[in-house]
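Worksheet: one structure, shown below.
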Amino acid sequence: MTSPFDFALRAAHTRHRSDRAGAPADYIPELANVAPDQFGLAIATTTGELYAVGDYTQTFTIQSVSKPFVYCLALELAGEETILARVGLEPSGDAFNSVVLDPATNRPFNPMVNAGAITIAGVLHQIAGAKAFDTMQARLSAAAGRPLVIDEAVYRSEVETGHRNRAIGHLLKNVGVLRGNVDEIVDLYFRQCSLRVTAEDLARMGATLANVGENPQTGETVFDIAAVRNTLAVMFTCGMYDHSGNWAVSVGIPAKSGVGGGVVGVVNRQLGISTFSPRVDEKGNSIRGLAAFAELSDELGLHAFDASNLGSAIAHTYL
Ligand code: GLN
């Protein structure tokens, strides 16, 4: 029997396969060299199953989809109090790369925009120094269940052109949010964004968060349970940048997008879900990703406030 997951994934893939709207991001020149029509969808459950369709084994750079995972790691290593003193928890309503801080606090609005993620990279740089990238790479690999490596061409391309992110770094240094060497910290952030993943990897990484930090396939404890809760909440309110409010209504799943064309979503205690399609809109979100997520959420009843979602306390106590 075909599972409802396979059925819904295939239907969403068929429906949106021929959509050619948008274009791959090109402000990092190497990103424009991807095959634009790749389209993969994947769901990984907390019981270790994978359901997938299309180009789900093709690699692409993780870009901003790395942000929640690195944030989760930093919460554990530095402690929530230290992190909150440096990065806020409010949606910015601005673009992901805006050179702006919360005027009331002089902190980045949240860890999902570049300013926040560069600050988080700075915290890890302060803790682990030259080993910071290895620490990130190891933890994200453990979340995916296989070793993730850097795409050197995309990394170099971002190093050559990433002046806006350097500007953000210097602004953060100016207000005292970043300590340490700005160039090294921004370089760490560029490496983080250049890790190659597949849609399957993202779904499995999402499943690790859904499974309160334990990778369902390998059984390895990857993330701290309290850090996961904080991370999912931030993904829900800020993960899709200035589209987060619309996303909360239409999809209702904590999620994170990246300009490489990936999107990951997490249904708490149930599954990780991901899409890969390189054509993005003006906000940097994958166009077919947005459409497929809305449809899959609807079809499978994944919305946090779906009528079929009974809630853990009530379900366990009364049903
Ligand atoms: N590396 C990209 C940047 O900093 C990530 C942005 C994104 O995926 N939205 O510009």
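The values are calculated or read from the model by the stated rules, or taken from the named source; none is laboratory data. In this text, all values refer to a predicted model and were calculated from it rather than measured experimentally. Note that we place each Cβ from the backbone using ideal geometry, even for glycine, and neighbour counts take in every protein chain shown. In case anyone asks, the SASA skips ligands and DNA or RNA and just uses the protein heavy atoms, side chains included. Shrake-Rupley method; radii C 1.70, N 1.55, O 1.52, S 1.80 Å.
Here are the numbers for this structure:
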item	result
Full-stretch length increase - residue 21, residue 233 - with 0.36 nm per residue and alpha-carbon distance subtracted	73.3 nm
J(HN,Hα) series, region 99-104, from Karplus relation 6.51 cos²θ - 1.76 cosθ + 1.60, nearest Hz, glycine and proline x	8, 8, 10, 5, x, 6
For region 180-220, size of Cβ-based charge dipole, Lys and Arg +1, Asp and Glu -1, in debye	140 debye
Nearest 10 degrees, 0 to 90: helix 66-78 Cα axis against the chain principal axis	60 degrees
For region 1-87, size of Cβ-based charge dipole, Lys and Arg +1, Asp and Glu -1, in debye	260 debye
Within region 187-288, GluC sites (Glu not before Pro) in DSSP loop having at most 14 other beta-carbon neighbours inside 10 Å	220, 282
Accessible heavy-atom area order of 170, 303, highest first, probe of 1.4 Å	170, 303
Among 56, 132, 83 the positive-end extreme of the charge dipole of region 40-167 (Cβ point charges)	132
Cα lying deepest toward the dipole's positive end in the chain, options 169, 109, 32, charges on Cβ	169
Carbon + sulfur, % of accessible area of the chain - ligands and nucleic acids excluded, 1.4 Å	51 percent
Gaussian network model of the chain, Cα within-10 Å springs - most flexible of 230, 114, 285	230
Shape call, region 36-85: gyration tensor on alpha carbons, a/c limit 1.5	oblate
Table column - 3J(HN,Hα) (Hz), region 41-54, Karplus curve with 6.51, -1.76, 1.60, x for Gly and Pro	10, 8, 10, 10, 8, 6, 9, x, 7, 10, 10, 7, 8, x
Cross-link reach list, lysines versus residue 256, counting only Cα pairs under 19 Å and skipping chain neighbours closer than eight places	67, 283
Charge tally in the Cβ shell below 11 Å around residue 31, where Lys, Arg are +1 and Asp, Glu are -1, residue 31 excluded	-4
GNM flexibility winner over the chain from 92, 194, 18 (Cα, springs under 10 Å)	18
Accessible surface, the chain, averaged per residue in Å² (probe 1.4 Å)	40 Å²
Per-residue [θ]222 nm for the chain (sum of -39500 (n - 2.57) over DSSP H runs n ≥ 4, rounded to 500)	-14500 deg cm²/dmol
Inter-label distance for residue 218 and residue 94, nm, one decimal - labels placed 7 Å from Cα along Cα-to-Cβ	3.7 nm
Cα gyration tensor category, rounded, prolate or oblate, for region 196-316 with a/c compared to 1.5	oblate
Rounded to the nearest 20 debye, dipole of region 55-135 from Cβ charges on Lys, Arg, Asp, Glu	180 debye
Total formal charge among the other residues, if their Cβ is under 13 angstrom from that of residue 299, Lys/Arg +1 and Asp/Glu -1	-2
